[in-house]
Each structure stands twice: as structure tokens, then as C-alpha cells.
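Report on one structure; see the data block that follows.
The values are calculated or read from the model by the stated rules, or taken from the named source; none is laboratory data. This structure is a prediction, so every number in the text was calculated from the model and none was measured. Cβ: placed from backbone, ideal geometry, glycine included. Neighbour counts: every protein chain shown. Side chains included, ligands, DNA and RNA excluded: accessible areas come from the protein's heavy atoms. Shrake-Rupley method; radii C 1.70, N 1.55, O 1.52, S 1.80 Å.
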Amino acid sequence: PVDLTEPETEYSVKCIKHTFSNYIVFQFDCLNTLNDQLLEKVHIKMETSDGYEVISYKQCPKLAYNQPGIAYT
């Protein structure tokens, strides 16, 4: 996993890249660090480089305080 956020931000995001012969799936492990916030419908939008396109996003339905959640692109 690669950290995508700074340690002092309101949430933590790590990315794991899964490579297949015709696809790349990015798994985003998310953690909400605000005890008074409930994040809903969390998804990660990505910009692509030449030759790639985003086919689908799978959101994390809700991200409660200190509970891990996963979103995919």
C-alpha cells in the first residue's frame, strides 16, 4: 500500500494497485479520523493518462469514525 494523504489530514487513504492482463484495479483503503463526522458515498475519481480510461467506480457506502472502508476504481 502507498499512502496518498498526509498523517494530519481528516482522513487517511492508501492505494493498492491490482494489475491484470487487460485491466488495472486501484483499491483505496480509507479511514475517517474525525469522530464527529460520518462520510457517505465515498469514491475516488482519477484522471487517466493516454491509452487508459476509467470503466467503473465502486464507492464505499459510508465511512464512520475510525472504521476502515474500501473504494475501487
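Filtered by the rule that a residue be more than 11 Å from the chain's Cα centre (by Cα), loosely packed, with under 11 Cβ neighbours inside 10 Å and assigned to a loop (DSSP other than H, G, I, E, B), the stretch 15-45 gives PHE20, SER21, ASN22, TYR23, ASN35, ASP36. Listed by first and then second residue, the pairs with beta-carbon distance under 8 Å, at least 6 apart or on different chains, first residue in the stretch 1-22 and under 18 Å from LEU39 (Cα atoms) and in contact (Cβ under 8 Å) with a residue 12 or more places away in the chain, second in a loop (DSSP other than H, G, I, E, B) and open to solvent by 80 Å² or more (accessible area, probe 1.4 Å), are GLU10/GLN37; VAL13/LEU4; LYS14/PRO1; LYS14/LEU4. If you check THR73, THR48, THR5 for being surrounded by 11 or more Cβ atoms within 10 Å (Cβ to Cβ), at pLDDT below 90 and of a type in the set (S, T, N, Q), only one passes: THR5.
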